[in-house]
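Step one of this worksheet: look at the structure below.
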2 protein chains.
Amino acid sequence: MRRNAYGEPSPARMSIRDLLFGRPLRTEEEQTQRIGPIRGVPLLGLDALASAAYGPEAALTVLLPLGLLSARYIAPLSAVIIVLLGLVSFSYRQTIAAYPNGGGSYTVASTNLGTLAGLIAASALCVDFVLNAAVAISAGVGAIVSAVPALLPYTLPICLVVLAMLTVVNLRGVRESGYVFMIPTYLFVACMGAMLAWGIAKSLASHGHPVPVVSVPHPAPAVQAASAWLLFRAFASGCTAMTGVEAVSNGVPVFKAPTVRLAARTLMLIVGALAVMLAGIAYLSFTFHVAATPPGARGYESVLSQLFAAVAGRGAFYYVGIVAIVSVLCLSANTSFAGFPRLCRVLALDEFLPPEFAHPGRRLVYSAGIVVLAVLAAALLVAFGGITDRLIPLFAVGAFLAFTVSQAGMVVHWRRVGGRRARRSLAVNALGALATGITLVVVIVSKFVDGAWITVLLIAALVGVFRAIRRNYDRVDEQTDVEGPLQLGEPPPPVVLVPLKRLDRVARKSLRLAITMSPDVRVIHVLTGEHDMDDLRGRWSQFVERPLRAAGFPVPTLVPLHSPYREFFDPLLEYIHQLAAEQPRRYIAVLVPELVERRWYHWLLHGHRPTLLKGLLLLRGGPRVIVINAPWYLRDDDDEDHTASPSVRVVR
Amino acid sequence: MRRNAYGEPSPARMSIRDLLFGRPLRTEEEQTQRIGPIRGVPLLGLDALASAAYGPEAALTVLLPLGLLSARYIAPLSAVIIVLLGLVSFSYRQTIAAYPNGGGSYTVASTNLGTLAGLIAASALCVDFVLNAAVAISAGVGAIVSAVPALLPYTLPICLVVLAMLTVVNLRGVRESGYVFMIPTYLFVACMGAMLAWGIAKSLASHGHPVPVVSVPHPAPAVQAASAWLLFRAFASGCTAMTGVEAVSNGVPVFKAPTVRLAARTLMLIVGALAVMLAGIAYLSFTFHVAATPPGARGYESVLSQLFAAVAGRGAFYYVGIVAIVSVLCLSANTSFAGFPRLCRVLALDEFLPPEFAHPGRRLVYSAGIVVLAVLAAALLVAFGGITDRLIPLFAVGAFLAFTVSQAGMVVHWRRVGGRRARRSLAVNALGALATGITLVVVIVSKFVDGAWITVLLIAALVGVFRAIRRNYDRVDEQTDVEGPLQLGEPPPPVVLVPLKRLDRVARKSLRLAITMSPDVRVIHVLTGEHDMDDLRGRWSQFVERPLRAAGFPVPTLVPLHSPYREFFDPLLEYIHQLAAEQPRRYIAVLVPELVERRWYHWLLHGHRPTLLKGLLLLRGGPRVIVINAPWYLRDDDDEDHTASPSVRVVR
């Protein structure tokens, strides 16, 4: 895109790209992109808040065999989860203060526990972010199509459209994403709050025995008694309610000053709302005797839908609430878009990913990470046809691995800091590490055969990839880094080779260029049998040698190369290798003229040989073979004038 | 592939390519690749001979509504077709003698009737060749899978395997193709001859009323009387028996000396065998009361299968005959492989196709045409799932269009030649042109709605493509062709631009190279905000300016470019365009160093920026911007030594 004299995009050239993604932002505008907690909660908290919609449901689903009794166990399970949530969020609050540049678990772990621990946390989060993006969209779209069955055949396209919209919004920048997600987020919080308050009031007024407005489905009779193993599994499933809590610590730099204070406040708002919702849902499930219904079977109704109907009946409020829940489920994929690119950026700064991931794009977001996440999530959605239920057991392992590593890292951090306050924090973090570690073991053990083993393998593989990338960069740096003054040889001018077929304008331009660069020019004519040598040789002396000699230039040597197998490249490369062996101190410059085509279909008609030749010379030429690529523009397509190039006959 | 000192492939490096396609052939070995009629018949005649298997069947199928009466009409229809065949083959025999360089209809038509007529013939043949390759394979494989129903789900893969085998055999060269197809071809001719002779003997011995060994299926009763329109359509369908006759005239140059005589003898052998088979089939259908069975319905049995069973019973001979018929049907696709690449070669020599089509490949065949044919046929097979029945009505239009144009061309040819013998030939060709022209009209009219209109459109489109390609080459030639001596300007040395980020080894190599090429070197540092300018500037004076000044070299200018939008390419291109405007007579050489990676996955980690920069400079730089591409090899992957490049400090 062209810019005017001030570097602003000139409005006459306002492109589709500008319309879709917004005008490019100057580096100095970074401050204007920063946000406060009002936008921070939607941007970084959607996943955590949406957990309220599926965490308790997941736990209750595991408790299905207990029948009516399941409602009795949801309260203690939720209590344990809320305590764990408190520990984890306390830890992340400390992390935000200690590492205000973002990065969360990865930064904490690699600073305090070493690179390997950091990479394990990073891999775990990467896997979780990608899974979350696909599963959240698929869950939200699943709820929509089950409400409007006519849309069922279009599940996958709808998923991909939602994904594309999220991608575009995030590429537009931080401020706009926070803005777009404000309405659904706060609508969800408001509806949930109203429903919970109303329900709790009814329960209290009726001394714990409220009458549901719409009676809840009667659960199937109990088929087994509560066992430790069942409760373990219910707890592991319920823990999915905690995923997404780490997002704020990854995104600290998006907050305006006072950055740490605003980030911490945002985290507390998110965790507070989540804890209240979890507690309220547990209490109302108990008093209204709400149990899960078997998913995928006839008569399925989500726990929240039952609660809304039991508390408020199926009126306008019910439907607003359900719409809010579905949109938050769908948009909770956005937490991945907020977290993943920033995590990738920190990894790229440490050279565990290519530098593109650390480059702020035209809207000052890390576009490479956003695009990669979108591509991976799209691949998952396509692979599973838009229905990602089978991916759900892969969840939570990543989050709890990151929690555990992060808290363990904070323990080491406080030990290093020392002091009385630090000791108290250390104790809390140690308790948190222990609790999340145990939870991690419970989650892995109880979900291992369902697919958690895949997550474990993926995380291990990703750690390997990160280390391989870093090794590669280290190797290149080692080869290319050098200190001290520039070493100067006495470099003789390069030998310039000009491969020629005919003496047309393109060839003449190359020859004129070559003789300005070196006195040692060799014209290579590969005899593939298609063209007659005699033709070129006759015209050579007449049209090239004589005028050059007359003008006092050194005359290029004409080198015919015989090609018994009619190949062009092999004889040329062989000649170059010979020349390189004979002249061990000189550069060999190969002049490759190229017809520049302005239409794609021209590419089919010309232009294979120069492209192939350039690639071959680069890959197989050796370190002293350089390629000089000179373009030839067809006049029709070019507004510049060829006669500007030197073509006046000169008397020396 | 490396070659030894004699240019032969060294056996130590014998590659998979050599195993699959054979060792490369030297240009001088071309004579050894030439063949005689024994191999010529299988190579160029398979399609024509296989026509005997489907031509009469196609005519009889159209006659189905006549019931038992259909056998009465097949004899006169076959007689007309055989006469037409005689006329056409007489014409092609003349063509072979007059145009021994191959090209057939295209050469005849463009020489005598003008380019447009030639292109129409060429397009018609191209369409027919591609259709034939797909339909023949699909027909042969269809016969196999209907015999072995377990293979039915694998129809498409089997088709593609057969296609791949034909492609490889043809890429191996002319001699080997002729050799591979000898056994099925002569087995087919022998079986057909034996069956026909035996059947005719039986018929004669029984005074025209032989008793079939296996009784033939009784046809359905007649539902209509013979109408002119029905007979027309039967004739048009039966004419598919004549496709493939032009192949010899396209392939004349594959014959050894005396080329014309051997080619003409091959054509006569093919046409003679075909005529005998057509006549025999017609006679036996009549005496044995063989009618077609409805294709695709239960109880379907091909006419040849009925005849073999009626004459010889279902013994070993029957099965050998059927196997021969099926393999010839399948392999008749090879005629396309023999004709299409040679037609493309002639078109490429006249610049209606890219020059690659005229380049003899490593085995002295026109590999580009073979590969393109294989790709197109594979696309058709995949698009139709390996069952190409719907393509059959598209046939024959191309062949008869080519016949007509070719014969009309020969009429003009004889008029130009003059003399008594020429007048007689002229009369025959004029009659032939008339007859094939009428047949063409019949074929188009009777098959128009079934799909012949697609063929007509395709041929017209292809003519347009050929002309567009030629126009493009003409335009390029007009721009680049020039006569006279080399014009010499007094070109000042180019401005050499070196975009730099850090002063690493790669950058230092570029600097050393740049100062040998021009005294005017400018180092461009684009400030994208990722790296600190001060760092480079401080080291610049210490590590670059000072040693260069000490050694007496001109010092490059350091040009910092501010990039408010963090982009690299835009500021650089803008600077180059400014420079080009300021210095209208000088070349601007941009030095692009590039890390050469030896493993594909390295490409993911490095190397986007140089590739993009080279492309942008070439496309958008303008005619005076040239790219100098200098490779940097990582030592681990490279057996050459970097220290060979000049890096010794020198005192001047």
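Over the whole of A:470-482, what's the average partner chain Cβ count within 10 Å per residue? Rounded to a whole number, please. Don't skip to the end; give the middle numbers.
Details: counts 0, 0, 8, 2, 0, 4, 9, 2, 3, 10, 11, 4, 7.
Mean inter-chain Cβ contacts per residue within 10 Å come to 5.
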Normalised by the residues of region A:364-455, what does the relative contact order come to in percent, with Cα pairs under 8 Å and at least six apart?
37 percent
Counting only other residues whose beta carbon sits under 15 Å from that of A:F129, what net charge do I get with K and R as +1, D and E as -1?
-1
Using only Cα atoms and rounding to the nearest 10 degrees, what angle (0 to 90) does helix B:182-205 make with the longest principal axis of chain B?
10 degrees
Where does helix B:453-480 land angle-wise versus the long Cα axis of chain B, in degrees 0 to 90, nearest 10?
30 degrees
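Per residue, how much accessible surface does region B:211-260 expose to a 1.4 Å probe? Answer in Å², no decimals. Show your work: numbers first, answer last.
Details: 2150 Å² over 50 residues.
Counting only protein heavy atoms, the per-residue value for region B:211-260 is 43 Å².
According to the square roots a ≥ b ≥ c of the eigenvalues of the Cα gyration tensor, what is the shape class of chain B, taking rounded for a/c under 1.5, prolate for a/b larger than b/c otherwise, and oblate for the remainder?
The shape class here is prolate.
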Treating the point 7 Å from Cα along Cα-beta-carbon as the label, what are the nm separations from A:P76 to the other copies, to one decimal?
10.2
Treating the point 7 Å from Cα along Cα-beta-carbon as the label, what are the nm separations from B:L19 to the other copies, to one decimal?
5.7
For region B:391-467, build the charge dipole from Cβ charges (+1 Lys, Arg; -1 Asp, Glu) around the Cα centre, then report which of B:A430, B:A461, B:G451 sits farthest towards its positive end.
B:A430
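Please compute, for peptide B:615-628, the average count of beta-carbon atoms on other protein chains lying within 10 Å of each residue's beta-carbon. Display every interim value, and only then the final one.
Details: counts 0, 0, 2, 7, 5, 2, 3, 7, 13, 9, 3, 12, 8, 9.
Mean number of neighbouring Cβ atoms from other chains: 6.
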Compute the distance in nm between two label points, each set 7 Å from the Cα along the Cα-to-Cβ direction, one at A:E483 and one at A:L612.
4.8 nm
Protein accessible surface hidden between A and B, which excludes ligands and nucleic acids, total in Å², probe 1.4 Å:
10300 Å²
Suppose every K and R has +1 on its Cβ and every D and E has -1 on its Cβ; what is the size of the dipole of region B:204-327 about the Cα centre, in Debye to the nearest 20?
220 debye
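Dipole magnitude of chain B about its Cα centre, charges +1 at Lys/Arg Cβ and -1 at Asp/Glu Cβ only, in debye to the nearest 20? Please report the intermediate quantities before stating the final value.
On the way: 58 positive and 41 negative charges, 241 e Å.
Computed charge dipole of chain B: roughly 1160 debye.
Normalised by the residues of chain B, what does the relative contact order come to in percent, with Cα pairs under 8 Å and at least six apart? Provide the component values of the computation, followed by the final result.
On the way: 975 pairs, mean separation 127.9, N = 652.
Reported relative contact order: 20 percent.
Where does each of A:554-563, A:81-90 land if you order them by average Cβ count within 10 Å, highest first? Can you show the working numbers first?
Working: A:554-563: 15.9, A:81-90: 20.8.
Packing order, densest peptide first, comes out as A:81-90, A:554-563.
Which links in A:K614/B:K509; A:K501/B:K501; A:K256/B:K614; A:K509/B:K614; A:K509/B:K509 stretch past 31 Å when you go from one Cα to the other? Intermediate results must be reported in sequence, preceding the final value.
Working: A:K614/B:K509 19 Å; A:K501/B:K501 39 Å; A:K256/B:K614 40 Å; A:K509/B:K614 19 Å; A:K509/B:K509 27 Å.
Correct reply: A:K501/B:K501; A:K256/B:K614.
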Report the residues of region A:73-115 in range of a label on A:A460: point 7 Å along Cα→C-beta, backbone N strictly under 11 Å from it.
none
Taking the 0 to 90 degree range and rounding to the nearest ten, how far is the long axis of helix B:569-582 tilted relative to the main principal axis of chain B, both from C-alpha atoms?
70 degrees
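By DSSP, what percent of the beta bridges with both residues in the protein assembly as shown are antiparallel, rounded to the nearest 5? Intermediate values should be presented prior to the final figure.
Details: 5 of 51 bridges.
In the protein assembly as shown, approximately 10 percent of DSSP beta bridges are antiparallel ones.
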Measuring from a point 7 Å out along Cα→Cβ, what nm distances, shortest first, does B:R471 have to its partners in the other copies?
5.7
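If you take the square roots of the eigenvalues of the alpha-carbon gyration tensor of region B:178-262 and sort them as a ≥ b ≥ c, do you get rounded (a/c under 1.5), prolate (a/b over b/c) or oblate? Don't skip to the answer; put the middle values down first.
Numbers: a/c = 2.96, a/b = 1.52, b/c = 1.94.
Since a/c reaches 1.5 but b/c is at least a/b, the shape of region B:178-262 is classed as oblate.
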Have a look at B:S110, B:G622, B:V441 and report the one farthest towards the positive end of the charge dipole of chain B, computed about the Cα centre with Cβ charges (Lys/Arg +1, Asp/Glu -1).
B:S110
With the Cα gyration tensor of region B:507-581 giving a ≥ b ≥ c as the square roots of its eigenvalues, does the rule (a/c under 1.5 for rounded; else a/b larger than b/c for prolate; else oblate) give rounded, prolate or oblate?
oblate
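For chain A, give me the percentage of DSSP beta bridges that are antiparallel, rounded to the nearest 5 percent.
Around 5 percent antiparallel, to the nearest 5.
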Here, A:A79 and A:V320, labelled 7 Å along Cα→Cβ, have an inter-label distance in nm of 3.5 nm
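So what is the accessible area of region A:1-159 per residue, in Å², with the probe set to 1.4 Å? Don't jump to the answer; show the numbers that get you there.
Working: 6110 Å² over 159 residues.
Value for region A:1-159: 38 Å² per residue.
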Could you tally the net charge around B:P258, taking each other residue with its Cβ under 14 Å from the Cβ of B:P258, Lys/Arg +1 and Asp/Glu -1?
+4
Please compute the net charge surrounding B:D450, taking Lys and Arg as +1 and Asp and Glu as -1 over other residues with Cβ under 12 Å from its Cβ.
+2
Work out the mean other chain Cβ neighbour count within 10 Å for the residues of A:562-570 and drop it here as an integer.
6
Using just the helices of chain A, give the 222 nm mean residue ellipticity in deg cm²/dmol: DSSP H runs with n ≥ 4 each add -39,500 (n - 2.57), and the total is spread over all residues, rounded to 500.
-20000 deg cm²/dmol
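The values are calculated or read from the model by the stated rules, or taken from the named source; none is laboratory data. All figures in this text were calculated on a predicted structure; none of them were measured in a lab. Heads up, the Cβs are rebuilt from the backbone with ideal geometry, glycines too, and the neighbour counts pull from every protein chain shown. Note: accessible area is taken over every heavy atom of the protein model, side chains too, but ligands, DNA and RNA are not part of it. Shrake-Rupley method; radii C 1.70, N 1.55, O 1.52, S 1.80 Å.
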